[in-house]
Each structure stands twice: as structure tokens, then as C-alpha cells.
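Enquirer: What follows is a single structure, and I will ask about it in a moment.
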Amino acid sequence: GTCKVQVKIYDSVNTLVRTIKKNGLSCPVEGAAGSVKWDGRDTDGVLAPADTYTYKIQAKDNAKNKSRTKQGTVVVE
């Protein structure tokens, strides 16, 4: 089925930097995660400084049930 996917990106002090939402991606989260790309910019479109960022991916199916949540890190140099 398809999912609505939301990715939240936080900096090293746990401040929300960006939220990315995508609809119509395939479930489960593992497959959908590869379809979401972060351009390294914050909510205002400013390039994020060098840091280690945490991302949290949440996917919901069309019935608005939580499918899964996945977390990881990415380093911006």
C-alpha cells in the first residue's frame, strides 16, 4: 500500500531544523525512506551548518494508522 511519510530533522541540540512531508510513497517505512531526500536546508531555506543531525521518519497508511517510526543520523560537513 501507500503511505504518507513525514521526516523531521533535528540538530545536535535537538532543535527541529526541517520537516519534510511526502504522500503516496510505498510502505513500509524502510522502502519509503529512500524516496525522501533532504537538501541540507532548514525551514527558511538556509543551508544547515556542519553538524550531526538526527532524522525521525514516521509513516502512516491511508487509514491514518501509524505504520512505523524509524530514526537515524546524518552528518553535514
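The values are calculated or read from the model by the stated rules, or taken from the named source; none is laboratory data. The structure displayed is predicted, hence computed values, not measured ones. Cβ coordinates were reconstructed from backbone atoms using ideal geometry, including for glycine residues, and neighbour counts include every protein chain displayed.
Enquirer: Restricting the search to the stretch 1-20, which residues are out of contact with any helix residue (DSSP H, G or I) (no Cβ under 7 Å at 6 or more places or on another chain) and either among the aromatic types (F, W, Y) or at pLDDT below 85 (or both)?
Expert: First, pick out the residues of the stretch 1-20 that are out of contact with any helix residue (DSSP H, G or I) (no Cβ under 7 Å at 6 or more places or on another chain): 1-2, 4, 6-20.
Of everything in the stretch 1-20, those that are out of contact with any helix residue (DSSP H, G or I) (no Cβ under 7 Å at 6 or more places or on another chain) and either among the aromatic types (F, W, Y) or at pLDDT below 85 (or both) turn out to be G1, T2, K4, Y10.
Enquirer: So how many residues does the stretch 10-21 have that are in a strand (DSSP E or B) and either in contact with a Gly (Cβ under 6 Å, 6 or more places away or on another chain) or over 25 Å from A63 (Cα atoms) (or both)?
Expert: First, the residues of the stretch 10-21 that are in a strand (DSSP E or B): 10, 16-21.
Checking which are either in contact with a Gly (Cβ under 6 Å, 6 or more places away or on another chain) or over 25 Å from A63 (Cα atoms) (or both) leaves us with 10, 16-18.
Of the residues in that region, 4 qualify.
Enquirer: Kindly check whether there is at least one residue in the stretch 21-30 that is at pLDDT below 75 and hydroxyl-bearing (S, T, Y).
Expert: Yes, the stretch 21-30 contains at least one residue that is at pLDDT below 75 and hydroxyl-bearing (S, T, Y).
Enquirer: Could you grab the pairs with beta carbons closer than 7 Å, sequence gap of 6+ or different chains, first residue in the stretch 1-28 and among the aliphatic types (A, V, I, L, M), second one surrounded by fewer than 14 Cβ atoms within 10 Å (Cβ to Cβ) and in a strand (DSSP E or B)?
Expert: L25/T2
Enquirer: Is it the case that some residue within the stretch 33-44 is modelled with pLDDT of 80 or more and on the phi > 0 side of the Ramachandran plot? Full working, then the answer.
Expert: If we filter the stretch 33-44 for residues that are modelled with pLDDT of 80 or more, which is where we start, we get 37-44.
Okay, now just the ones that are also on the phi > 0 side of the Ramachandran plot, so 40.
Within the stretch 33-44, one or more residues are modelled with pLDDT of 80 or more and on the phi > 0 side of the Ramachandran plot.
Enquirer: Could you say which residue among K70, K64 is surrounded by 12 or more Cβ atoms within 10 Å (Cβ to Cβ), basic (K, R) and modelled with pLDDT under 80? Give the steps one after another, and end with the answer.
Expert: Working: K64 fails: surrounded by 12 or more Cβ atoms within 10 Å (Cβ to Cβ).
Criteria check complete, one pass: K70.
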